[in-house]
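Read-outs throughout are calculated quantities, based only on the coordinates presented, and are distinct from any laboratory measurement. Not measured: the values here are computed from a predicted model. Ideal geometry is used to build each Cβ from the backbone, glycine not excepted, and the neighbour counts take in all protein chains shown.
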Amino acid sequence: MVRAAEALSAEEQGTRRRLLSFLGWGSFVSFCGGVTVGSLRFFFPRILYEPPQQFIAGKPEDYQIGEVSTRMKKEQRVWMIRSEKGIYALISVCTHLGCTPIWHPAENRIKCPCHGSNFLVDGQNVAGPAPSPLFRAAISLDLVGNIVVDKSQKENQPGKRDEPPFTLPLT
Amino acid sequence: MANLSLKNVPQVIVESQVWKSIFRHGYTMNRRNRLLAITNNVFYHILPTKISRYGMRMRFHWGAGIITFYLFLILTFTGVLLMFYYVPTVPRAYYDMKDLQHVVPFGNILRNMHRYGAHAMVFMVMVHMARTFYTSSYKPPREFNWVVGVILLNFTFLLSFSGYLLPWDQLAIWAVTVGANMARATPLIGHEGPFANLIGMKVNNDVRFALLGGTTVGSATLLRFYVLHCIAFPIILTIFIVVHFWRVRRDGYSGDVPVRE
């Protein structure tokens, strides 16, 4: 820049040549910038053809107290778990690096096959590299009494996860 | 750096080690340099005009670099052939891979050449880098070519990673799930990384989202990795291979010195 300014003689500064040079280089730079930004934006799709985050998981009476149900696991990657306080939908995505853990009833543990993280039924991480508890999805009842699970809302902190909308209280 | 003013910034840059490692000297247009520009031109002479027998000792260079390059050629050739049978869609990818193994004539040997060749290429890149390190071949005047080599290492890994998804079996999906989830923690551009919240990174606008074409590994990811694996990464790798070879030629063979007692 210093050199360009020096190259122009005194009477040339602020002249038509300088304006045209500015416009020419300016349009070249903005063209290149536009192409770069546009190309980068291209890789972020507007519409995703991914499965919906909300689904219906039957009625509350389908689940027994103390049961870890795997009926929704294959399609929706959640365990439906009914404790004495209520039902919650535990998302089976390991909080370490996103593999699908497996429920082992004999050991009363949830274990991840990828790197060996262990979780309790309430989602608490107890062993392995997982840094935080498993998430619970938002859960509610619709007007006809079906359980509606919404995986786009999730919570894993004790206290918050034990209250609506992350646990469906049942008496 | 005390007399650093705006005026001599270009000179400071041009005389820095980084600049000089990339551009050896400027265009001094005297007669000698014009002749050197021809005799040193890699397109006219892929090998140097002269080289001593020390530079070609097998026990010095192990041939690791050229073996890596031959493996790349084999992978390009077998990869193009695999493209005739493989369709990167969720319903077909796995079964096309199985067809290649069991139905396509000579398909299994082709697939295995590509698969084991890829493993061997990663291994030979490591061997090549270890040899370069232990013989001090990365030191000036070859420090820029070491940087090019690191770029080549990264693109070898990217090719390996993107190709790993294409069989679309359980190992592929979960390996890429794990690998892509590591990208969540990238500083600034990964939504769980440091400072990412300052620029509003979320699960659907960060670097992992762009890599996967979605929030989970799915059909968009398979297609995206296929295009990157077959088009983008090989072309970029080829460009850097050309630069790498050119610099070997230009900086001189590191073994081309008499062995000191």
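If you take the Cα centroid of the stretch B:95-110 and the Cα centroid of the stretch A:125-169, the two points sit 45 Å apart. Using the Karplus relation 6.51 cos²θ - 1.76 cosθ + 1.60 with θ = phi - 60°, the per-residue 3J(HN,Hα) values for the stretch B:185-191 come to 8, 4, x, 6, 9, x, 6 Hz, with x marking Gly and Pro.
Measuring how big the stretch A:72-140 is from its alpha-carbon positions, Rg and Dmax come out at 11.2, 33 Å. Using only the C-alpha atoms, the convex hull of the stretch A:54-169 corresponds to 95 Å³ per residue.
Quick one: longest stretch of chain B between exposed loop chymotrypsin sites (Phe, Trp or Tyr not before Pro), exposed meaning at most 11 other C-beta atoms within 10 Å and loop per DSSP? Could you put the intermediate results ahead of the total?
Numbers: sites that count: B:23, B:27, B:43, B:44, B:84, B:106, B:195.
Segment B:107-194 is the longest.
Dipole check for the stretch A:54-169: with +1 at the C-beta of Lys and Arg, -1 at the C-beta of Asp and Glu, and the Cα centre as origin, the magnitude is about 320 Debye. For the stretch B:141-167 versus the stretch A:24-50, the inter-centroid distance based on Cα atoms is 26 Å. Over the C-alpha trace of the stretch B:129-230, radius of gyration and Dmax come out as 16.9, 47 angstrom. Here residue A:124 and residue A:48 are evaluated by their C-beta separation; at R0 = 35 Å the FRET efficiency comes out at 0.65.
For a footprinting-style exposure proxy, rank B:131, B:247, B:92 by other Cβ within 10 Å, fewest first. Intermediate results must be reported in sequence, preceding the final value.
Details: B:131 17, B:247 22, B:92 13.
In order of increasing Cβ crowding within 10 Å: B:92, B:131, B:247.
Karplus-based coupling profile of the stretch B:83-92, in residue order and whole Hz: 5, 5, 10, 9, 10, x, 10, 4, x, 9, with θ = phi - 60° in 6.51 cos²θ - 1.76 cosθ + 1.60 and x standing for Gly or Pro. Shape index of the stretch B:205-261: Rg/Rh, with Rg the Cα radius of gyration and Rh the Kirkwood radius from the inverse mean 1/r over Cα pairs, equals 1.37.
Going from the alpha-carbon gyration tensor of chain B, what semi-axes, largest first and in whole Å, does one get by taking the root of 5 times each eigenvalue? Intermediate results must be reported in sequence, preceding the final value.
Values: eigenvalues 313, 159, 52 Å².
Semi-axes from the Cα gyration tensor: 40, 28, 16 Å.
Taking the Cα centre of the protein assembly as shown as origin and assigning +1 to Lys and Arg Cβ atoms and -1 to Asp and Glu Cβ atoms, the resulting dipole is close to 1940 debye.
Taking 0.890 mPa s as the viscosity and 25 °C as the temperature, the Stokes-Einstein diffusion coefficient of the protein assembly as shown based on its alpha-carbon Kirkwood radius rounds to 91 µm²/s.
Given only helices, namely DSSP H runs of n ≥ 4 each adding -39500 (n - 2.57), what is the per-residue ellipticity at 222 nm of chain B, to the nearest 500 deg cm²/dmol? It would help to have the intermediate numbers written out before the result.
Values: 12 runs with 152 residues, N = 261.
Rounded to the nearest 500, it is -18500 deg cm²/dmol.
Close amide H partners of residue A:78, meaning residues 5 or more places away or on another chain with modelled amide H under 5 Å apart, are A:73, A:92. With the convex hull of its Cα atoms as the shape, the stretch B:95-157 has an orientation-averaged projected area of 5.1 nm². A simple spin-label model places pseudo-atoms 7 Å from Cα toward Cβ; at residue B:205 and residue B:227 they are separated by 2.2 nm.
Near residue A:109, the amide H atoms lying under 5 Å from its own belong to A:104; only residues 5 or more places off or on other chains count, and H is placed 1.01 Å from N. Going by neighbour counts of Cβ atoms within 10 Å, the residues A:75, A:50, B:143 line up, fewest first, as A:75, A:50, B:143. The distance between label points at residue B:50 and residue A:21 comes to 4.8 nm (points 7 Å beyond Cα on the Cα→Cβ vector). Take the convex hull of the alpha carbons in the stretch B:4-140; its mean projected area over all directions comes to 15.2 nm². Couplings 3J(HN,Hα) of the stretch B:146-159, computed from phi: 5, 5, 4, x, 5, 4, 4, 4, 5, 6, 4, 5, 5, 4 Hz, in residue order, whole Hz [Karplus 6.51 cos²θ - 1.76 cosθ + 1.60, θ = phi - 60°; x for Gly and Pro]. Along the axis of the charge dipole computed for the protein assembly as shown (Cβ charges of +1 for Lys and Arg, -1 for Asp and Glu, origin at the Cα centre), the listed residues B:130, B:38, B:187 are led at the positive end by B:38.
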